[in-house]
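Asker: Before we start, here is the structure in question, set down as structure tokens.
The values are calculated or read from the model by the stated rules, or taken from the named source; none is laboratory data. The structure displayed is predicted, hence computed values, not measured ones. Counting neighbours? That spans all protein chains shown, and the Cβs are built from the backbone with ideal geometry, glycine included.
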Amino acid sequence: MNLGLDEYINLDSPFHRWEARYKLIGLITLIFAFSFVRDLRMLLAMVSVTVAIYVISRLPASFVLRRLRFPSFFLLALVLTLPFLSGQTVVLSIGPLDVHREGLLAVLLIAIRFISILTIALVLFATTPLLTTIKAMRALGLPSIMADMALLALRYIQEIGQDLKKIQTSMRLRGFRKRRLSLYGLRTLAWLGGSILVHSYERSEWVYKAMILRGYGHAPHPRAEFQSCHRDVVTLGIFLLIAAGFITGDILFGHGVSALLQ
Amino acid sequence: MHIPDGILPISVNAGGYAATAAVTWYSIRKIKQKENPREGIPKASLLTAAFFVVSWIHIPVPPTSVHLVLNGLLGALLGYYAFPAILIGLFFQAVMFGHGGLTTLGINAVIMGLPAILAYYIFRLRKLGGKDSPKKDGAFGFLAGAVAIGISVAIFVGILVTNLPTDFISAEVERAAIYTLAIAHLPLLGIEGTITSLLVVFLRRVRPGILDGV
Amino acid sequence: MTDKESDITLLAGGRVESALSVSGLCFSYPDRPNVLNNITLNVMPGERVGLIGPNGAGKTTFFLSLCGVLEPSAGEIVLLGKPVVNGDFRPDVALVFQNPDDQLFCPSVWDDVAFGPQNTGLSKDEVEKRVREALATVEGTELAERPVHHLSEGEKRIISVAGVLAMHPRLIIYDEPGANLDIRSRRRLIHLLQGSTETILVASHDLELILEVCNRVVLMDGGGIVADGDPHTIMGNAELMEAHGQEKPHSLLPHQVPHQYFCHPTIARNV
């Protein structure tokens, strides 16, 4: 089962080479800076920075387009409703419905912010193995219970996903078709879900035994050692400056601190 | 039920993160107070992965199909591990599928996670009254599932509608939007409640120990 | 006094201390009584003991008791000179699980093999050395950076072995190590087991594997030991084997045309 993230971790780009902890801080800060932006004039800068980052990362265009497919439904729903339901200035009338300028601009703002943030997030997570990212988060202060849970869950999502596929195949081969909503169908699907839960629960008991047999909890687990160099720090500095630039620019363009309070 | 990136103002996102940090801190404290917190970690982690996978199952709801959330059952089975579990699940969803968001991770965890903890307490109530039966467990399962998703929908709709970048053309329209969104999600309450109930009955038959929590 | 080379501990008077000494071991689950029923067994250092028996004979329960994971209801277990205490961490004894997926819980191969050594408080360099050595022993060095879920069944099996070897155990228990392996992986496993210097216990339904690897066989059934001794003698006894849900291994059946073997020279061919 391909969860689609590990495909491009072996490419070579400045982002692939950027040490995981610095990359996390730098790009997450940029993402939050983007979410701060409300001024439409800053959107052009946002798009330019996003495109530049994506191009430098060497990730293929098809990757981000594939990612945008699913979340786009929510966006589409907003596009189809907001311009009609919100705003003051009518720009167009389609039958009984009025299209409002503010609604259209809101949709533009949301769409560009959303696409930019998703793209930066993709660069952050697709240029480093997810398990390294989680270890970096632990090194940056994520509680070890959370890190342990995340790493264990990550390890077994693939296996459990395959179990699901196998059971679904066997159900299909024995004639089960999900067509209409019925209590029988719901019960069967509940049994499917229940089997997955029980398998996982029972497997967890074995995993716990395997962990304690190899000394889990016996000695404090060493933090993964990350090796950083000057370039990592400098790159972080650059991204913090860019983020600061967006925030400052947005404030200067007239929204001021009141933007924080909506 | 996930709010994607780009919609909410940074104040709400930051508030969501603050709330999530507080609840996570509290949950971890409760976990550490257990007799053997380490024993619960593989159970909670694998169930987190299992719920993640189970949410991929399509439930046919004509004319379309939905993915289940099952935060009620997750809360019932995991107790205080549920909030970290949901946070991790949401993180993976955002990172692996772009579903939900990163800036909205905090607020989404509040939407899904707080009702899960409530569901844990609701489900525990089945122990009261003495009589133990599959029907009773199933009924409390339904309640836990439906209430959890109901509260999630309420918080989701409330936060979304009141924090869009523009104002609605009138208060009536805003109210109408809220009601429409809420009513559109009503069938979900019934389905989640029903499936949670069916799952509880199945688990009770096959592996009753799992219902006593991690 | 311990002789590291042959891992034999000499007691006062020149007697050799046993690697494993079990007496009167009993265990019951809440819903299943007498899963282990008065088991007594003595294993000397360096022995390779095969454990055979039908499913439900109690082999896995026995192994978990030996490692201190399950607390017996009666009896005593002394492992490498020290009594086994429930819950104690004993890095000198290792268990390779039947299902590698239950054992390989770290996301990457390197992390998983390093897990055990890290918990014994070794330095980073020592851990790295242990991991490299263990991977080299199982011929899995090229798998080090791979995510575990990308491994094949055979690869998972050898990495699960590497994970326990890295702890430098003196006694290794293998629970159905040959299950789900293809021919090549199975042969690789047999070579690995034949080359081990530790005391080993191997439970397997693959009777040919037992014949190739072990110099002693214990037949378990119904929670107890029904036979203990030379592999050929026990497994060649068709009546005994069939009475306990087993069959005489193919290589011990009379043949018109003898097989050619290319394995352990000390195992006699008498077909």
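Asker: Please determine, by comparing only the residues of the stretch B:107-138 that are in a loop (DSSP other than H, G, I, E, B) and of a type outside the set (Ser, Thr, Tyr), which one is nearest to B:Leu90 (Cα to Cα).
Answerer: Filtering the stretch B:107-138 for residues in a loop (DSSP other than H, G, I, E, B) gives B:128-133.
Next, from what is left, pick out any that are of a type outside the set (Ser, Thr, Tyr): B:128-132.
Numbers: B:Leu128: 33, B:Gly129: 36, B:Gly130: 37, B:Lys131: 37, B:Asp132: 35 Å.
Once the filter is applied, the top-ranked residue is B:Leu128.
Asker: Looking only at the stretch A:150-196, which residues are among the basic types (Lys, Arg), more than 7 Å from chain B (Cβ to nearest Cβ) and over 15 Å from B:Val54 (Cα atoms)? I'd like the intermediate steps shown before the answer.
Answerer: In the first step, residues of the stretch A:150-196 are kept if they are among the basic types (Lys, Arg); the result is A:155, A:165-166, A:172, A:174, A:177-180, A:187.
Now drop any that are not more than 7 Å from chain B (Cβ to nearest Cβ), which leaves A:155, A:165-166, A:172, A:174, A:177.
Residues satisfying the conditions are A:Arg155, A:Arg172, A:Arg174, A:Arg177.
Asker: Counting only residues that are hydroxyl-bearing (Ser, Thr, Tyr) and either buried (at least 17 other Cβ atoms within 10 Å of the Cβ) or within 8 Å of another protein chain (Cβ to nearest Cβ) (or both), which one in the stretch B:180-214 is farthest from B:Leu74 (Cα to Cα)? Walk me through how you get there before you give the answer.
Answerer: The initial filter retains those residues of the stretch B:180-214 that are hydroxyl-bearing (Ser, Thr, Tyr), namely B:180, B:194, B:196-197.
After this cut, where a residue has to be either buried (at least 17 other Cβ atoms within 10 Å of the Cβ) or within 8 Å of another protein chain (Cβ to nearest Cβ) (or both) as well, the list is B:194, B:196-197.
Working: B:Thr194: 15, B:Thr196: 10, B:Ser197: 13 Å.
If we take residues in the stretch B:180-214 being hydroxyl-bearing (Ser, Thr, Tyr) and either buried (at least 17 other Cβ atoms within 10 Å of the Cβ) or within 8 Å of another protein chain (Cβ to nearest Cβ) (or both), then B:Thr194 is farthest from B:Leu74 (Cα to Cα).
Asker: Do we find a residue being touching a strand residue (DSSP E or B) at 6+ places or on another chain (Cβ under 7 Å), over 27 Å from A:Tyr208 (Cα atoms), touching a residue at least 12 places away in the same chain (Cβ under 8 Å) and not in a helix (DSSP H, G or I) anywhere in the stretch B:9-29? Steps first, answer last, please.
Answerer: Of the residues in the stretch B:9-29, the ones touching a strand residue (DSSP E or B) at 6+ places or on another chain (Cβ under 7 Å) are none.
Checking the stretch B:9-29: not a single residue is touching a strand residue (DSSP E or B) at 6+ places or on another chain (Cβ under 7 Å), over 27 Å from A:Tyr208 (Cα atoms), touching a residue at least 12 places away in the same chain (Cβ under 8 Å) and not in a helix (DSSP H, G or I).
Asker: Follow-up question, since we're still on this one. Among the listed residues B:Ala148, B:Ala177, B:Ala144, which satisfies the condition of being buried (at least 17 other Cβ atoms within 10 Å of the Cβ) and closer than 22 Å to A:Leu104 by Cβ?
Answerer: Values: B:Ala148 fails: closer than 22 Å to A:Leu104 by Cβ; B:Ala144 fails: closer than 22 Å to A:Leu104 by Cβ.
Going through B:Ala148, B:Ala177, B:Ala144 in turn, the sole match is B:Ala177.
Asker: Within the stretch B:95-117, does at least one residue satisfy the condition of being within 14 Å of chain A (Cβ to nearest Cβ), in contact with an Asp or Glu (Cβ under 8 Å, 6 or more places away or on another chain) and of a type in the set (A, V, I, L, M)? Before the answer, list the steps.
Answerer: Step one: filter the stretch B:95-117 for residues within 14 Å of chain A (Cβ to nearest Cβ), giving B:95-109, B:113.
This time we only want the ones that are in contact with an Asp or Glu (Cβ under 8 Å, 6 or more places away or on another chain), so: B:101-104.
Then keep just the ones that are of a type in the set (A, V, I, L, M); that gives B:102.
Yes: one or more hits.
Each row is one residue, and each column tells you yes or no for (1) under 30 Å from C:Ser23 (Cα atoms); (2) surrounded by fewer than 23 Cβ atoms within 10 Å (Cβ to Cβ); (3) of a type in the set (S, T, N, Q); (4) within 14 Å of chain A (Cβ to nearest Cβ).
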| site | (1), (2), (3), (4) |
| --- | --- |
| C:Pro107 | no, no, no, yes |
| C:Pro117 | no, no, no, yes |
| C:Pro169 | yes, yes, no, yes |
| C:His191 | no, yes, no, no |
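Asker: So A:Met149 passes all but one of these: (1) assigned by TED's automatic domain parsing to the domain that holds A:Ile53; (2) crowded, with 22+ Cβ neighbours inside 10 Å. Which condition number does it fail?
Answerer: A:Met149 satisfies every listed condition except (1).
Asker: Let me ask something else. C:Asp102 is checked against (1) away from chain A (no Cβ under 13 Å); (2) more than 26 Å from C:Gly46 (Cα to Cα) and fails just one. What number does that condition carry?
Answerer: With respect to (1) away from chain A (no Cβ under 13 Å); (2) more than 26 Å from C:Gly46 (Cα to Cα), C:Asp102 is out only on (1).
Asker: Something else about it: Exactly one condition in (1) farther than 23 Å from C:Ile200 by Cβ; (2) more than 8 Å from chain A (Cβ to nearest Cβ) is not met by C:Glu133; state its number.
Answerer: In the conditions (1) farther than 23 Å from C:Ile200 by Cβ; (2) more than 8 Å from chain A (Cβ to nearest Cβ), C:Glu133 misses (1) alone.
Asker: Let me ask something else about it. Report, ordered by the first and then the second residue, all pairs with beta carbons closer than 8 Å, sequence separation of six or more or different chains, a first member in the stretch C:134-161 that is closer than 19 Å to C:Asp102 by Cβ, and a second member that is hydrophobic (A, V, I, L, M, F, W, C) and assigned to a strand (DSSP E or B).
Answerer: Correct list of pairs: C:Ser160/C:Val96; C:Val161/C:Val96.
Residue-by-condition table, conditions (1) assigned to a helix (DSSP H, G or I); (2) out of contact with any strand residue (DSSP E or B) (no Cβ under 7 Å at 6 or more places or on another chain); (3) modelled with pLDDT under 95; (4) within 30 Å of B:Ile28 (Cβ to Cβ):
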| site | (1), (2), (3), (4) |
| --- | --- |
| A:Leu92 | no, no, yes, no |
| A:Val99 | no, no, yes, no |
| A:Gly103 | yes, no, yes, no |
| A:Phe114 | yes, yes, yes, no |
| A:Leu124 | yes, yes, no, yes |
| A:Gly141 | no, yes, yes, yes |
| A:Ile160 | yes, yes, yes, yes |
| A:Leu164 | yes, yes, yes, yes |
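Asker: Please work out which residue is surrounded by the most Cβ atoms within 10 Å (Cβ to Cβ), limiting yourself to the stretch C:36-68 and to residues that are of a type in the set (D, E, K, R) and out of contact with any helix residue (DSSP H, G or I) (no Cβ under 8 Å at 6 or more places or on another chain). First the steps, then the outcome.
Answerer: Pass one, the stretch C:36-68, residues of a type in the set (D, E, K, R): C:47-48, C:59.
If we keep only those that are out of contact with any helix residue (DSSP H, G or I) (no Cβ under 8 Å at 6 or more places or on another chain) too, we end up with C:47, C:59.
Numbers: C:Glu47: 17, C:Lys59: 23.
That would be C:Lys59.
Asker: Scan the stretch B:30-42 for residues that are out of contact with any Gly (no Cβ under 9 Å at 6 or more places or on another chain) and assigned to a helix (DSSP H, G or I) and report the count. Reasoning before the result, please.
Answerer: Taking the stretch B:30-42 first, the residues out of contact with any Gly (no Cβ under 9 Å at 6 or more places or on another chain) are B:32-33, B:35-37, B:39, B:41-42.
Adding the requirement that they be assigned to a helix (DSSP H, G or I) leaves B:32, B:37, B:39, B:41-42.
Residues meeting the conditions: 5.
Asker: Before we move on, is A:Ile31 assigned by TED's automatic domain parsing to the domain that holds A:Ile120, touching a residue at least 60 places away in the same chain (Cβ under 8 Å), within 16 Å of the chain's Cα centre (by Cα) and not in a loop (DSSP other than H, G, I, E, B)?
Answerer: Numbers: assigned by TED's automatic domain parsing to the domain that holds A:Ile120: yes; touching a residue at least 60 places away in the same chain (Cβ under 8 Å): yes; within 16 Å of the chain's Cα centre (by Cα): yes; not in a loop (DSSP other than H, G, I, E, B): yes.
Yes: the conditions hold for A:Ile31.
Asker: Please find, within the stretch C:121-145, the residue that is modelled with the lowest pLDDT out of those that are over 18 Å from C:Val96 (Cα atoms) and in a loop (DSSP other than H, G, I, E, B).
Answerer: C:Gly121
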